[in-house]
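Worksheet: the structure to be examined is printed underneath.
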Amino acid sequence: MSRLIVVSNRVNPPNPADGESSTGGLAMALAAALREYSGIWFGWSGKTVPEFSGQLNMQRIDGVTVATVDLEETDYQEYYNGYANKTLWPLFHYRVDLTAYDRSFGQGYDRVNRLFAETLLPLIEPDDIVWIHDYHLIPLARELRRLGVTNRIGFFLHIPWPAHQLVVTLPRHRQLVEALFDYDLIGFQTEESLQAFEGYVFSEVEGGKTDRGELVAFGKRTRAAAFPIGVDAQDFARLVDGDTARKVYDRMMAHSVFRKMVVGVDRLDYSKGLEERLIGFERFLHDHPELRREVMLLQIAPISRDEVEAYQDLRVRLDGLIGRINGAYAEMDFTPIRWVNRSYRRDELAGVYRASKAALVTPLRDGMNLVAKEFVAAQDPEDPGVLILSRFAGAARQMKDALIINPNSPEEVSDALDRALSMDLTERQRRWRTLFDNVQREDVTAWRDDFVSALKGESISDAATAPLPRPRVQSLDTAAKALKARNTEAQDVRA
Ligand code: ADP
Ligand code: F6P
């Protein structure tokens, strides 16, 4: 069987020494895929050094081979803080006002992608398939192709692909999109992102689509499809029954006695709509004086990308806003908002989710949002909490039984809270059951398998994934057949 090489900016495989550490569902799924395909996970170590040496640090962690490389300070500033997080992240989350169009950032981005390609090259064997993740690494396939790599290479974008009119504000938008055509397969979170990408290709660069569903532009062809990412629902259900989750659950219940706890869990990021959420909660407190003492909001928001000014400014504004709301509505024995800026283990989060009567997942723009799915996965079927979800999260496409709101409207946030906290058990159970079935069915394993099969040229449900016109490596076909046979076998067993 061919090996799988996963590449992402951040490399975070599960570490058994950490117990149920903060490693997310995505990392768990990728690690599982890597074990299955005996592959490698390559990326940045998270460390900076005075000068880039290209030296690989290879480690074996819980059956997964991890290869990391250090970056030098200028690369880190221009590539990670710069082009990735001051240019692409805000632009792709519709924040043109926060987007920096600085030429040196683009140069740093290209440079690091080139360095990544050169460092990764010696690790790639002819039969390997390569799966590259997220906006940090869009040009990586181009750089690998320049070095002569002909393996199948797939790309998955974890964040939204924005509307055409936003993409063209980027000075080098053509170059960025052309780089995507060096992949054999491009995966998006939602149909909406896929359509926005196709819209750009059709109207900006006069690209087209073949009757086999391939996109053609820049004299190249590729395939693109939506692969909504999921969580490891089974693992979450297992975690919630563990000792740590139970202890946290008991503690949270004791701390919210006589009150209903509403939870928010997000990186401290302007895309998550934290300010709008808090203003909506303030509106709720204002509109429902009779409920004030019965409800509290626990907002967990670990600090993120704190070298980027927009994140520092947001933090200052949030500290002020929470101080103001708590000052106005707190009593001697009661504070409406609990504000926590740290990370927790996954099993601790599971306990918190389960103790919450509602979750506010209200991003202004989000590729998917895994917290929404984790919250559902952690609920007690006998007494489930209610998910309040922004229509602008990718997850809203699949999670229609949540209370779907526009996070920009304080009234909608307030009304949804009122509705969630007074919803009767039958409705809560009905909504939760549909949500849970979806979270369980479209889980992270299904996402991973769909993507890898499509990259190998096996058919999946989407028309855009017709067989590749140019199978490059013969043994991939053999491996694809083996996988298909195994899948059929597994289906027979399940049947
Ligand atoms: P993003 O990828 O933009 O951060 P997602 O909601 O898709 O947003 O994924 C966030 C992941 O990070 C989830 O798996 C969530 O459990 C995890 N996470 C968020 N906040 C914390 C926290 N305080 N401690 C531990 N994990 C967290
Ligand atoms: O989901 C989007 C994403 O940017 C991931 O690629 C990333 O690992 C995560 O959010 C956290 O961001 P960062 O790696 O910048 O801390």
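The values are calculated or read from the model by the stated rules, or taken from the named source; none is laboratory data. Note that the structure is predicted; figures quoted are calculated from it, not measured. Positions of Cβ are generated from backbone atoms using ideal geometry, with glycine treated the same way; all protein chains shown enter the neighbour counts. All accessible areas refer to the heavy atoms of the entire protein, side chains included, with ligands and DNA or RNA removed. Shrake-Rupley method; radii C 1.70, N 1.55, O 1.52, S 1.80 Å.
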What number of residues within segment 50-61 are farther than 18 Å from residue 118 by Cα and surrounded by 11 or more Cβ atoms within 10 Å (Cβ to Cβ)?
2
Is it the case, given these coordinates, that residue 408 is more than 11 Å from ligand 1 (Cβ to nearest atom) and either touching an Asp or Glu at 6+ places or on another chain (Cβ under 7 Å) or at pLDDT below 95 (or both)?
yes
Report, by residue number, each residue of segment 124-146 that is touching a strand residue (DSSP E or B) at 6+ places or on another chain (Cβ under 6 Å), hydrophobic (A, V, I, L, M, F, W, C) and away from ligand 2 (no atom under 16 Å from the Cβ).
129, 130, 141
Residues of segment 73-101 being among the aromatic types (Phe, Trp, Tyr) and over 18 Å from residue 45 (Cβ atoms), which ones?
83, 89, 92, 94, 101
Of the numbered conditions (1) within 16 Å of ligand 2 (Cβ to nearest atom); (2) in contact with an Asp or Glu (Cβ under 6 Å, 6 or more places away or on another chain), residue 325 fails exactly one; give the number of that condition.
(1)
Every listed condition ((1) in contact with an Asp or Glu (Cβ under 9 Å, 6 or more places away or on another chain); (2) surrounded by fewer than 17 Cβ atoms within 10 Å (Cβ to Cβ); (3) part of a helix (DSSP H, G or I); (4) of a type in the set (Asp, Glu)) holds for residue 97 save (1)
Determine if segment 267-279 includes at least one residue that is more than 16 Å from ligand 2 (Cβ to nearest atom) and of a type in the set (A, V, I, L, M, F, W, C).
yes
May I ask you to list the residues in segment 324-340 that are open to solvent by less than 50 Å² (accessible area, probe 1.4 Å) and in contact (Cβ under 8 Å) with a residue 12 or more places away in the chain?
325, 329, 334, 336, 337, 340
Of the residues 321, 285, 297, 314, only one is hydrophobic (A, V, I, L, M, F, W, C), surrounded by fewer than 18 Cβ atoms within 10 Å (Cβ to Cβ) and in contact (Cβ under 8 Å) with a residue 40 or more places away in the chain; which?
321
A careful count of residues in segment 229-249 that are in contact (Cβ under 8 Å) with a residue 40 or more places away in the chain and either among the hydrophobic types (A, V, I, L, M, F, W, C) or open to solvent by 50 Å² or more (accessible area, probe 1.4 Å) (or both) gives 13
Before we move on, is residue 308 over 20 Å from residue 261 (Cα atoms), among the β-branched types (Val, Ile, Thr) and surrounded by fewer than 19 Cβ atoms within 10 Å (Cβ to Cβ)?
no
Within segment 344-436, considering only helices (runs of 4 or more DSSP H) that don't extend past its boundaries, which have at least 1 residues that are crowded, with 24+ Cβ neighbours inside 10 Å, in contact with a strand residue (DSSP E or B) (Cβ under 8 Å, 6 or more places away or on another chain) and among the small types (Gly, Ala, Ser)?
370-377, 410-422
How many of the residues in segment 215-251 are under 21 Å from the mean Cα position of the chain (by Cα) and either hydrophobic (A, V, I, L, M, F, W, C) or more than 14 Å from ligand 1 (Cβ to nearest atom) (or both)?
11
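I need a count of the residues in segment 162-192 that are within 16 Å of ligand 1 (Cβ to nearest atom), in contact with a strand residue (DSSP E or B) (Cβ under 6 Å, 6 or more places away or on another chain) and part of a loop (DSSP other than H, G, I, E, B).
Number satisfying all stated conditions: 1.
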Which one is farthest from ligand 2 (Cβ to nearest atom) among residues in segment 287-318 that are more than 14 Å from residue 85 (Cα to Cα) and part of a loop (DSSP other than H, G, I, E, B)?
288
Output the residue which, of all residues in segment 252-276 that are open to solvent by 40 Å² or more (accessible area, probe 1.4 Å) and touching a residue at least 12 places away in the same chain (Cβ under 8 Å), is farthest from the chain's Cα centre (by Cα).
258
Can you go through 92, 105, 116 and tell me which one is surrounded by 20 or more Cβ atoms within 10 Å (Cβ to Cβ), within 19 Å of residue 154 (Cα to Cα) and either modelled with pLDDT of 95 or more or out of contact with any strand residue (DSSP E or B) (no Cβ under 8 Å at 6 or more places or on another chain) (or both)?
116
Taking segment 261-318 as the region of interest, how many residues are within 16 Å of ligand 1 (Cβ to nearest atom) and either on the phi > 0 side of the Ramachandran plot or among the basic types (Lys, Arg) (or both)?
6
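Yes or no, residue by residue, for (1) away from ligand 2 (no atom under 15 Å from the Cβ); (2) of a type in the set (D, E, K, R); (3) more than 24 Å from residue 371 (Cα to Cα):
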| site | (1), (2), (3) |
| --- | --- |
| 5 | yes, no, yes |
| 42 | no, no, yes |
| 103 | yes, yes, yes |
| 108 | yes, no, yes |
Enumeration of residues in segment 87-107 that are more than 15 Å from residue 134 (Cα to Cα) and within 16 Å of ligand 1 (Cβ to nearest atom):
94, 95, 98
